[in-house]
Each structure stands twice: as C-alpha cells, then as structure tokens.
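A.B. asks: The structure under discussion is supplied below as structure tokens; questions concerning it will follow.
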Amino acid sequence: MGLSLAYWVVLLLFGMGLYCILTESNLIKIAVGINVMEAGLLLFLVRLSYSPGDLAPLMGPTTGPGIADPIPHALTLTAIVIAASTTALMLSLIIQIYRHYGTVDIEEIRSKMQ
Amino acid sequence: MRLRKIAAAILILVLTLALVGAIAELPSPDERVSQSALTQRIIGKGVVETGATNLVAAVLFDYRAFDTLGEATVIFAAVAGVVLMFYHAPLHPSAIGLSILAKRSLDVIGPFVFVAGMYIVVYGHISPGGGFQGGVILATLTILISIVYGLQEERRLLDPRFKTALESSAALLFMTVAFVGVFSGEYFLSNLGAGFFRGHPGSVLSGGAIPLLNVAIGLKVGAGLALVFYSMVKKEPE
Amino acid sequence: MSHLPILVIAIPLLFAFLIPLISMLFPSVRRITVTAMGLVYAGLVGMMIWGYHAMGVDRVIYPLGGWGPDVGIVLELDALSAAFAGIMGLGILLVILYSQDYMEAAESKYYVLLFIVASGIMGIILTADFFNLYVFIEMSAIASFPLVAVSRRGTALFASLYYMVFTLVSSALILLGIILVYAATGSLNMGEVAAVFDTIPELTRASIVGSFVIGLSVKVALIPFHSWLPPAHAEAVSPISALLSGVLLKNGVYMLMRLLPIFGFGDGSLDVRTLLLVIGVLTVIGGNVLAMGQGNVKRILACSSVAHMGYIALGIGIGGALGFAGALFHSLNHMLMKAGAFFSVGCIADGSFELSGLRGAALRTRPAGITFAMSTAGLIGLPPFGSFASKIMIMFAAIDAGMIGIAAVLPAGAVLSAIYYGRVYQVLYAPSEREPDDVSISPWQTTIVLVVTAVGSIATLVWAGNLARIFATIADYLVG
Amino acid sequence: MLQDAIQSLGFGRFALGIDAVNMIFVIAFVMVGTMGLLYTLASRPPIKRAMLSLVFVLASLGCVTAGNMLTFLIFWELMLIVSYLMIVSAGTARSRNAGFRYLLYHVIAGAGMLVGVLVQVSATGSMAFSAPTNAAIPFFMLGIGIKVGAIPFHTWVPDAYASASPSVSVVLSGFTTKVGVYAIIRLLPGVAAIPYMGAAMALVGVLLALLQKYSRRVLGYSIVSQVGYMVAGVGLATASGIDAGSLHVINHIAYKTLLFMAAGAVIYRVGSDHLPSLGGLIRYMPLTFICALVGALSISGVPPFNGFVSKYWLKLALDGQPVVLHALTIAGIGTGASFMKLLWYTYLRDPENRTVSSGPKEVDPGMAIPMLLLAVFCLATGLRPDILAGYLPHAGPAPDPFTLSGLTAGAWPPVAGVAFFTVARQLLSRAPEPPDVDALYRRGLVLMEYVAYSLARITEDRLQGNLMMILVVFLVALLVFR
C-alpha cells in the first residue's frame, strides 16, 4: 500500500506497545508499553502536519511558502505532557504496589491478593 | 502464556492492517493543497493576531490556550496524586551525596542550567521552546542537586512547602492572566483583545499574554516535577 | 449568563489551586472553606442552567480567547449539556459534602483532586472541541486514579492501577479517533466536523466511529470492557465510589450521547446501534449475574452499576428519541440512587464491606440503614423511585421499535438484581444479639446528603412527567 | 410525536376511582382491612408493624381503584414492598427467607406486568385499561399468574403466609391474590385458558392442603384452591362468571381472614400451629372454636354460610365448562376434608401434648370482637345473598340458591369430604408432607448463584485477558458491522 514509511513506523510502534501491554507480566513493562503506544499515536499526529521540505512554523524574516501545520505540534505537546503525567502517576502507583507486595509481577500480585 | 502471546500477536497484526486501510484513505499531507482552511488561516494571520512569531506557541497559548490550561491542570493533578500516594512513605536515599568533584561541577554548571531553563521559558513565543520545556529543565536542576548534594540538602534549599506554594501560585498567575479577559469585557483567556501589550513581533516584549503564560507554566511545571521527584525518593514522613 | 459557562470550569480549578495555599496558611478554616467552595460550584452550575433556560435559545456559544469555532476552542451550552451539568453538579456537591465527615483527616490533596474532577467534568460537558474533550477526559481521569488509591491498601492500589491501564488504553483509542478526525477533516470543532462527516471515506469513518465507541464503552464499563470497574469502585473509599459510579461513569454516557448523533450513529459503515444493543443486552444480564456472584456489598453495588450502564446503552442503542430520553432520565436516577447507596453503605460499615461481617449492621445505623434500603429498592426498579419511570421509558421505546425481546431484558435484569439485593437485605437487616440501643446516628451533614439522595430518588418519580418531557425535548433536538 | 409517546405513558397523571367493577373489592378490602387492623392492634405489635399493615391495606385499595394502568402498576409494586417488609418484620430467620422468596416471585410478577402493560400502551396509545392484545397476553399471564398463585407459581402463598408473624398473616392473606383476581377482570378478559388454570389451582391447592402439618400452611394452600374458584369464574368473562367470582372474592376474604385469625389466636395462646402437637382446644378456647367452625363451614360451602352462595353461582356460571365444573366439585370434597382435619387436630381430638393440656386461655376481647363480627358477616351474607348482590359488577338477576337442588349440590361435597377424612384419618396422619415445586426452584436458584459466583471468579482480576477483549471487540466491530 502506498503509505509512507512514517506511517508504517506509527503502526509498528502502536502494535508493539499494545503487544507489550497484552503480554508482559511486569507492571513496569506494561507502563512502558502504554508509553510506546502513545508515542506511536503522537508520531502519527506530528507526521500529519509535515510534508517533506516544510519549515518549522517559526515566522521570521525568511518565511518561505512551505510551513508545517502548527496545530498538530501544539496538540502533540499537550498530549506529551498528559502522557508524562500519567506515567509519573502510574510509576508511583507501581512503586507503592511494590512496597506492598514485594513484586511487580502481575501474576504474583494476583496470587498474593487472594 | 505462550498461547496468549500468539493470540495477541495475531490480533494486533489484524488490527493494524485494518487501520492501514483507514489511514490510506486519508488525504495525504504530502500534497500542499491538503492544508486545511484552519491551518492556512493560522499560518497567514497568526503573527498579526497573536504577536508571537512561534506559531506553535501562538496556538498553544492563544488560539488553544484552554487546552494548555487543561494540561497544566493535568500536571497539577498528577503532582497532587503522587504526593498523596507518598504521603507517609519512608525511604532511605543517599543523604551524603556524591564526591566533592561532582559537587563543585554542579556549582559551576548549576547557574547555567537555571539560565538555560529561564531562557527557554521567556523566549518561548519567539523561538522553539516554552513553559513546559523550560520548566522541565528547571526541575532537572533540583534533581541534580538532590543527587549530587543529597536529598537533605535539596530539602534545605527548597522546602517542599515552598514548592507546593510556588506551584499553586504559578497556577493562580495563569488564572489571573486568563481572567483579565473576563474583567476587561472580553473573553476568558483573551490575549491582545484584552489589552495585553502587543509589542513588536520577534522581540522579547511582544505577544501580549503569551510570555506571561509561559512564565506561569514554566514555574508550575518546574515546581511540580521537582515535587514529584522529591515525593518519590523522599526519606522522612512529613 | 455571559461568562457562566467558563466560570463553572475555571472556578473549581481556581479552588483546586487555592486549597493547598489555604490549608498551608489557614489550616483551621479548611473545612468551612471547602464546603463553601462546593456550594459556590453547585450554585454556579445552577445559575448557568437557569440562565440558559431563561434565555430560551437553542445553544449558547462562549468563544475562549475571543476566537470563533473556526480557529479556537469554543464552549457550547445546549440542552443536553445543561441537563448533564445539572446531574453532575449535584453529584459532585453531594460527594464533597459527604467527604467532609467521612474523610475527616484527609489531606488537602484529596479536595484538590476532587475539584479538578469537578472542573474536568464540566469541561467535558461544555466543550465543543474534540481535542479539548480529550484533555478534559484525561484531566478528570488522572485526578480520579489517586482518589481510588487514597486508602493505600494493597488491593486499592492494584485496583487503581487496573483502572488506570484500562482508562489509558481507552483514552488512546479516543485519541486515535480524534487524530483521524483531524486528519480527515482538518478541523476539531464538533459542529464543523458534523457538517462534513459524511464526506469522509468510508473505511476511515468506520475506524473513527469504532475507536470512539469502543473507547467510550470502556469508560462506561459495558461488558466485555467492564472488568476494571468492580475492583476500582469497590476498593475506593465510599465517597469516591459514589463519585466514580454516580458521576464519572456518566461522562462516558454524555460523550456517547453527544458524539453518536455527530457520527450519524455510524450509518452506512459501522452499525453502532446494533453493536450497542448486543453489548447492552450482554451488559444488563452479565452485570447482574456478576453482582450475584459477589460477597462484598460494594462489589455488588459496583457490578450493578455495570448493569445499569447496560440499561443506558440499550436506551441509546434503540435509537429513537424516546430511548435517548429514557437513557438521559436513567442517568439522573442512577446518579441519585447509586450515590445514595454508596453513601449509605459507607455509614453502615467501616473498613470491611464483606457481607459475612455485616450481620444486622443496617439496623444499627441511622438514617443510613433506611436510605440504603430505599436506594437499593430504587436500583431494583421498584416504585416509588424514579428508576421505575426511566426504565418504563426505555422499555417503551424498545417496544415501540418492535423489540419486545430487548424490552424484556430490562425487567429480567430487575429480577436478577432482586435476587442479590434480597440476599443483602437478609444479612444487613437481620436482627443480631447486640443491644438495640447502640444505634449510631450519622453527623448532620452526612444525614443531609443521605436524605437528599433518598428523597431525590422519590422526587424523580413524582415529577416524572415534567422530567420526561424535558428529557424528551432534549432527545428530540439531538436525534430528531 | 415524541411528546405524544410521553403523554401516553401517563407520568404524573395518577387516577383513582370507584366504578361498578371494583366496588365489591373496595367493600371487601375496607371491611376486612378494618377487622384485620383491629385484630393486629389487639395483638399489641410494635407500632411500625401496625403502620405497615395500614399502608398495605391502603396500597391494595389503591391498586383496585386505580384508574389507569400506570397507577395500577405503581400500587401493585408498592404492595410488594410493603408486604415484603411485613413478612420479614417477624424478625426470624424463617420469615426472612420466606420474605426473600416472596420478593423474588413478585418482582418477576411485576416484571411480567410491566412488559405487558407497555406492549398494551404501545398498541393502544394510552394507559387506560383495555382488552389485551395478543402480544401482551403471555406477559399478563405470567404476572397475574404469579400474583394469584397459579400452578406452578403457587408456592409463595403457603410459604409466605405460614412464615409471617400471626397478626401480619391475617392482614396479608386477604389482599395479594385478590388483587390478582381483580387484574384478571381488568386486563385479561376472555382468555380461554384461564378457567382451566383456575380448575388446576383448585385441585392442586386442596390436595396439598390436605397433606400439610401446620394449620397456616393448610390455610395457605387452601387459598390457592379457593382463588382457583375465583379465577375460573372471572376468567369466563361472562356477566354471571364475573359476578360469581367477585362475590367469591368478598366471601373468601371474610372467611379466610376469620380462619387466619383463629389460627393466629391459637398460636398466641399455645405458641405453635403444628397440628400433630395440638388438640382439645375446644375446652379452653370455645369462642375461637366457634369462629373457626363458622369459617370452615363457609369455606366448605355448607348452606347457609356465604361460601355456599358464591360456589353455587359459580357452578351455574360454569355450566358450559364440564371439565372445570367437575374439578371444582372434587376440590369441594377436598376442602371439606382438609378443614375437618384442621378442626379435628386443633380443637376436637384429645390432646397428646402436655403443654396444651396445661390450659391456654380464651382470646382477648380485642381479638375476639373482629372474629365474631366476621363470623356474623359470613352467616348473614350466606342467608341474605342479596345484601351484596347489588354491588356486584353486573348486578344481574341472581338465581336463588336456596332450592332443593341448590342445597344438595352445596351440601354433598363437604359431607363427602368429612366422611373421607373420617375414613382416611390414619392414612393421612402418616402421609409425609408432600414435596412441592419450590424445592426445585430453590435448587435452581442455588445453581444460578453458583454459576454466577464461578463466572465472577473467572473474569475478575485478569488485566490482560480483559484488555484483549477490547481489541477483539474493536476488530469485530470494524470487520463485522461494516
């Protein structure tokens, strides 16, 4: 299919992240998986705004005709911050869980909860 | 377990292939005509309408400043959550810090890191960067201090209560700027329309409220992330 | 009226930013301040709804920063937003008031997060911008994760993480949908997207609708996406359980109601109605069956929330305006009853909510013992409680559409819920050996909250005629 | 269009009113309700329980005077809530379990009614009572069937009434099933299967009543049997059938309440209603015995008591239905036998049990007065059937029962029943209490709860398996619903 390479990378990241969430039993790796998945989405958003040869959306004296769409950039920034916040929160939860159960393995935690 | 891995792999493969179809139908950004009316408008009039030459900052702090308020709140919530989570958490970090060599090095580069952070914050509306990016650099400074000098020293320099107060005050600064629009008869988060100083686009004193918002966000993010780090590694219960 | 739509979002945020400062500088006045803040918040929401009503227009648009819908973000207040703002605002106020007695020693961060949730909910309800919607979804979700874990028990921590992973995956799906919307239309404003939605290529349209519907279904906890809900709602402290079940679940409901008409119910490519009907039936039956298999009062209530979301999904899935109106009405009722049930059970039991240890507990607490019975009877769907009327509306919509089988699912769910609530009554209201005089009376503020939920769930039946007419007008305007 | 639909649901338009059809029900409920409340008050219950009884009577009055189906439904469910509270108010584990089962039965009944009513509204466009559409009939059959205690849903009747506290079961026993009979008149006129349903109830009910070992269980099963008569009558939907059935309703309420009062009096004085351990009470409680006797004669249809009149009219109305008619006649024999058994074990035979022979006292006047009043009522309306005939729905010319053929037709089944009991007494006393279908239901319930428990254990706490479901459904939605 006629997708550019960047889109394949997006799908690859998205799929890898999902696969990691679905199969890893280590909580930290699940958190990493979520981040990878979100990274895929954000790359998609950024790629949408850019076509080869575009300039960054900084208006100066040398403004050319091809300027990248600034909106996805702004959205991406926002989404990155949100992803970082959730990651911080999730990691702190995992730390607390580790202090409680002495493990970050999801199966072991489940067996200890019963 | 192996079964789940195979199932997950197949599932994700099929799903991504299904998404390929959806993406392939999208208008390709490689053709210049695909830029929407919205994009063209912002590229065309952005500088005039906001006074900021960094269009990303223009979108982030003016056209879509409400998103930025939301994301600042997200950080605030995450910080509150982390602090809540570690409210009574005892842990034993290194209290001594690293060697004298590292300490002296930090003494030298510390001010530069601070200046770099502030620069990125203050110049956010005319060059790449902005409150979030600069704020993160400011927060790394506190992390460096706690690693090199130990948490006790960092705590002595920057009391967590001070950080909390700084974070809240910075958020309140953001709100104040946002409410100026309301009180001047314009709308919430109005920028130039509310009478903020336009300045000459490209200079530091330009872009109306955007630099102010950048500073507020920078302080808030810096204080917030420092608080997150401190909460995660702190020693004594407060 | 002019600035009220932004005030209901900005003022609770301001409160959230102020609370740390206040509790640092004047710790003694925190309680009264928080109460006042809650009342101010609810008052603003009330004024906004009243103002909207008084203006008599279809929609009020508030351009943020003065930018119109073509460039910036606008807030849009229409009848659906007003209705949900009322439901959620009341719910939040009750949660705040109830927390004051229940979480006496709570850290100030608890209320910070609560007000952030309050603000995020209003943002979701009022915004007319897709990406802004995502920001507010995340805002209210992120503030709710630590609230679930606030007790710091191991099970609560794990439940919070479980909830978090599910929510993040669903948010990622929603974000995917938003990105596709932007890529396909070049716009993020809901009205503009709705105007051109039919021109999007079919595969993309299906993917957009699919990712939104599935993402939102996870948020609404429809089966088979429900499994995060019972642990999260059961392990949280009681006011937060009420917040999650009574208020936050309605976020997803609101978004389904707001977005599905924009997507034309996926006509042409993805048949959302059939999907919702299938999932709805599964959810009503499955949720109740799961509730039957629990031995913990709060888990039972949590699973029954799943089932009630199934009722609402059915109401939406039936497709007609009447079903929509019934789903709206049921949202209101479910908020009152489920919040009331969680509030009451918080007073009845402290610490452990296992049925085996609660013999006769409801007889020893007043008025929680009585309000618990009332709320749960309402959850079964018996008169004189409002859910009777909303259930009738949804069933009637199904019968009118020729789906008697779907209509029969709702009372079947009621029968199943009678089984497990009957079991709960058998334990909670069994006289025990303890002296009858050690009845514990709830503090007055808690009592007010309990009475409001109980009386409210009756009042919705008394005024069912007017409420149904209001909700029908909204639904008519939405789906025509 | 939409507003019309809301309008047709009739929210907020509650209507109550008395007309020809429900007049007799109102009279019956008011009269017996008053007696029952007097009796309840005389037993000095906690004030809450007395209040519940009052609310219950009012709710059932609301149910029969409801002017539209929504009002009817609301009162129908209110009755359920109140009667559930009344049953469990006894405070024993047994009453709680019985109350739980009662709740389930009647929630199912309410569910059936709700669907039926809505189907009806959808067809006619209003909440007014109307002849049922075909789609609504099965749902009404389910709902009303449970309410009247139709086979195989009858088991809640003895279960609930025998487990509640005695004063409660006096009030409780009169109303619930009768409301079901009223619902047949209003909502299910002219469904051919209903008279047969009534016949089955009459037969099975009396057969099981004969084999019970507790007096209130005998009474409970005989309610099923007697309600079967009414169902057979009103199910005909002819003027004479409805009249006869309605008359039987008021007669039945009177004598069955009387019998429950007598049984309750025995429980208050002796502490038990276990038939094998009672006996000889005629010496200590003669007044109670007389009342019980009047009740037993009335229910067996012995002239000139009131049961005789209504049963006679019923049989006339059922002329075209030989199967039903014969079933009712056989049921009449069984009724005679079971009430002979009741009287024999409680009052007539020599006591084997020491506690009884220690000499319980006669009932208080507070309890005796309502009993006597009801006994007088039973006799008076038996002698002068025209007192009530004017209030019947059709108030048509009623045949005089006091003819030779009428008297013999009324008298022979109870006589045969007494004879049967005398002959088969030894046999009956050794017969075990028969199993009923509710053993099966309880098994089913336990099985269901076990399945639910297993399902809940299997599905919960499986983070990744459940996450995968999201993707599976997403994929299915994308691929299938396209």
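The values are calculated or read from the model by the stated rules, or taken from the named source; none is laboratory data. Bear in mind that the values here come from a model prediction, so they are computed numbers and not experimental data. Cβ atoms come from the backbone with ideal geometry, glycine included; neighbour counts cover every protein chain shown. Please note that ligands, DNA and RNA were not included when accessible areas were found on the heavy atoms of the full protein model with its side chains. Shrake-Rupley method; radii C 1.70, N 1.55, O 1.52, S 1.80 Å.
A.B. asks: Could you tell me which of the residues D:292, D:254, D:262 is small (Gly, Ala, Ser) and either in contact with a Gly (Cβ under 8 Å, 6 or more places away or on another chain) or open to solvent by 60 Å² or more (accessible area, probe 1.4 Å) (or both)?
C.D. replies: Of the residues listed, the single one that is small (Gly, Ala, Ser) and either in contact with a Gly (Cβ under 8 Å, 6 or more places away or on another chain) or open to solvent by 60 Å² or more (accessible area, probe 1.4 Å) (or both) is D:262.
Yes or no, residue by residue, for (1) within 14 Å of another protein chain (Cβ to nearest Cβ); (2) open to solvent by 20 Å² or more (accessible area, probe 1.4 Å):
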residue	(1), (2)
C:21	yes, yes
C:35	no, yes
C:39	no, yes
C:82	no, no
C:92	no, no
C:100	no, no
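A.B. asks: If you don't mind, another one. What pairs can you find where one residue is in the range D:93-112 and open to solvent by 20 Å² or more (accessible area, probe 1.4 Å), the other is basic (Lys, Arg), and their Cβ atoms are less than 9 Å apart, with a gap of 6+ or different chains?
C.D. replies: D:101/D:442; D:105/D:147
A.B. asks: When residues of the range C:105-124 are filtered for being facing chain B (nearest Cβ under 8 Å) and closer than 26 Å to residue C:258 by Cα, how many remain?
C.D. replies: Residues in the range C:105-124 being facing chain B (nearest Cβ under 8 Å) and closer than 26 Å to residue C:258 by Cα: 5 in total.
A.B. asks: What pairs come up if the first residue lies in the range C:186-200 and is open to solvent by 40 Å² or more (accessible area, probe 1.4 Å), the second is of a type in the set (S, T, N, Q), and their beta carbons are under 6 Å apart, counting only those six or more places apart or on different chains?
C.D. replies: Listed by first residue and then by second, the contacts come to C:196/C:185.
A.B. asks: Does residue C:422 qualify as being open to solvent by less than 20 Å² (accessible area, probe 1.4 Å), facing chain D (nearest Cβ under 7 Å), touching a Leu at 6+ places or on another chain (Cβ under 6 Å) and assigned to a helix (DSSP H, G or I)?
C.D. replies: yes
A.B. asks: Tell me which residues, restricted to the range D:423-465, are at the interface with chain C (Cβ under 8 Å from one of its Cβ atoms), surrounded by 16 or more Cβ atoms within 10 Å (Cβ to Cβ) and modelled with pLDDT under 85.
C.D. replies: Within the range D:423-465, D:459, D:460, D:461, D:463 meet the criteria.
A.B. asks: Quick check: anything in the range D:3-25 among the acidic types (Asp, Glu), in contact with a Gly (Cβ under 9 Å, 6 or more places away or on another chain) and modelled with pLDDT of 90 or more?
C.D. replies: no
A.B. asks: Which of the numbered conditions does residue C:127 fail, given that it passes all the others? Conditions: (1) surrounded by 24 or more Cβ atoms within 10 Å (Cβ to Cβ); (2) more than 10 Å from chain B (Cβ to nearest Cβ).
C.D. replies: Failed condition: (2).
A.B. asks: In addition: Taking residue D:332 as the residue in question, decide whether it is buried (at least 19 other Cβ atoms within 10 Å of the Cβ) and at pLDDT 80 or above.
C.D. replies: Here the answer is yes, as residue D:332 does meet what is asked.
A.B. asks: Of these, A:71, A:109, which one is surrounded by 18 or more Cβ atoms within 10 Å (Cβ to Cβ), closer than 21 Å to residue D:464 by Cβ and either within 7 Å of another protein chain (Cβ to nearest Cβ) or in contact with a helix residue (DSSP H, G or I) (Cβ under 8 Å, 6 or more places away or on another chain) (or both)?
C.D. replies: A:109
A.B. asks: Okay, moving on. Residues that are closer than 30 Å to residue D:377 by Cα, among the β-branched types (Val, Ile, Thr), part of a helix (DSSP H, G or I) and at pLDDT below 85: does the range D:31-53 have at least one?
C.D. replies: So far as the range D:31-53 goes, yes, one or more of its residues are closer than 30 Å to residue D:377 by Cα, among the β-branched types (Val, Ile, Thr), part of a helix (DSSP H, G or I) and at pLDDT below 85.
A.B. asks: Of the numbered conditions (1) among the aromatic types (Phe, Trp, Tyr); (2) closer than 26 Å to residue D:248 by Cα; (3) open to solvent by 20 Å² or more (accessible area, probe 1.4 Å), residue D:14 fails exactly one; give the number of that condition.
C.D. replies: It fails just one condition, (2).
A.B. asks: Does the range C:378-391 hold any residues that are free of Cβ contacts under 8 Å to residues at least 40 places away in the same chain and among the aliphatic types (A, V, I, L, M), and which are they?
C.D. replies: Across the range C:378-391, the qualifying residue is only C:382.
A.B. asks: Step by step: first the residues of the range C:217-242, then only those that are under 16 Å from the mean Cα position of the chain (by Cα) and under 17 Å from residue D:475 (Cβ atoms), then the one that is nearest to the other protein chains (Cβ to nearest Cβ). Which residue is that?
C.D. replies: By that ranking, first place goes to C:218.
A.B. asks: If you check residue D:28 against the conditions, is it surrounded by 20 or more Cβ atoms within 10 Å (Cβ to Cβ), hydrophobic (A, V, I, L, M, F, W, C) and in the same structural domain as residue D:373 (by TED's automatic domain parsing)?
C.D. replies: Judged against the criteria, residue D:28 is a match.
A.B. asks: Would you check if there is a residue in the range B:115-124 being free of Cβ contacts under 8 Å to residues at least 40 places away in the same chain, farther than 29 Å from residue B:61 by Cβ and not small (Gly, Ala, Ser)?
C.D. replies: Among the residues of the range B:115-124, not one is free of Cβ contacts under 8 Å to residues at least 40 places away in the same chain, farther than 29 Å from residue B:61 by Cβ and not small (Gly, Ala, Ser), which makes the answer no.
A.B. asks: When the range B:39-52 is examined, which residues are found to be surrounded by 24 or more Cβ atoms within 10 Å (Cβ to Cβ) and facing chain C (nearest Cβ under 9 Å)?
C.D. replies: The one that is surrounded by 24 or more Cβ atoms within 10 Å (Cβ to Cβ) and facing chain C (nearest Cβ under 9 Å): B:42.
A.B. asks: From the list D:461, D:438, pick out the single residue that is in a helix (DSSP H, G or I), of a type in the set (D, E, K, R) and over 21 Å from residue D:316 (Cβ atoms).
C.D. replies: D:438
A.B. asks: Which of the residues belonging to the range D:113-162 are open to solvent by less than 10 Å² (accessible area, probe 1.4 Å), assigned to a helix (DSSP H, G or I) and among the small types (Gly, Ala, Ser)?
C.D. replies: Of everything in the range D:113-162, those that are open to solvent by less than 10 Å² (accessible area, probe 1.4 Å), assigned to a helix (DSSP H, G or I) and among the small types (Gly, Ala, Ser) turn out to be D:116, D:143, D:145, D:160, D:162.
A.B. asks: For the range A:1-50, give me each residue that is outside any helix (DSSP H, G or I) and either of a type in the set (S, T, N, Q) or free of Cβ contacts under 8 Å to residues at least 12 places away in the same chain (or both).
C.D. replies: A:1, A:2, A:3, A:4, A:24, A:25, A:26
A.B. asks: Does any residue of the range C:274-294 turn out to be within 14 Å of chain D (Cβ to nearest Cβ), over 18 Å from the mean Cα position of the chain (by Cα) and outside any helix (DSSP H, G or I)?
C.D. replies: Within the range C:274-294 (the criterion being within 14 Å of chain D (Cβ to nearest Cβ), over 18 Å from the mean Cα position of the chain (by Cα) and outside any helix (DSSP H, G or I)), the answer is yes, since at least one residue qualifies.
A.B. asks: Collect the residues in the range D:1-30 that are touching a strand residue (DSSP E or B) at 6+ places or on another chain (Cβ under 9 Å) and in a helix (DSSP H, G or I), keeping them in residue-number order.
C.D. replies: Across the range D:1-30, the qualifying residue is only D:22.
A.B. asks: For the range B:190-238: of the residues being closer than 28 Å to residue C:62 by Cα and among the hydroxyl-bearing types (Ser, Thr, Tyr), which is surrounded by the fewest Cβ atoms within 10 Å (Cβ to Cβ)?
C.D. replies: Among those residues, the one meeting the criterion is B:206.
A.B. asks: If you don't mind, another one. Pull up the range B:17-38, narrow it to residues that are open to solvent by 20 Å² or more (accessible area, probe 1.4 Å) and more than 9 Å from chain C (Cβ to nearest Cβ), then point me to the one that is modelled with the highest pLDDT.
C.D. replies: Among those that are open to solvent by 20 Å² or more (accessible area, probe 1.4 Å) and more than 9 Å from chain C (Cβ to nearest Cβ), it is B:17.
A.B. asks: Tell me which residues, restricted to the range D:53-65, are surrounded by fewer than 24 Cβ atoms within 10 Å (Cβ to Cβ) and not β-branched (Val, Ile, Thr).
C.D. replies: Listed by number, the residues that qualify are D:54, D:58, D:59, D:61, D:62.
A.B. asks: Is it the case that residue C:50 is free of Cβ contacts under 8 Å to residues at least 24 places away in the same chain and buried (at least 21 other Cβ atoms within 10 Å of the Cβ)?
C.D. replies: So residue C:50 fails the test.
A.B. asks: Just name the residue that is farthest from residue B:84 (Cα to Cα) out of those in the range B:149-189 that are among the polar types (S, T, N, Q) and either modelled with pLDDT under 90 or open to solvent by less than 50 Å² (accessible area, probe 1.4 Å) (or both).
C.D. replies: The selected residue is B:184.
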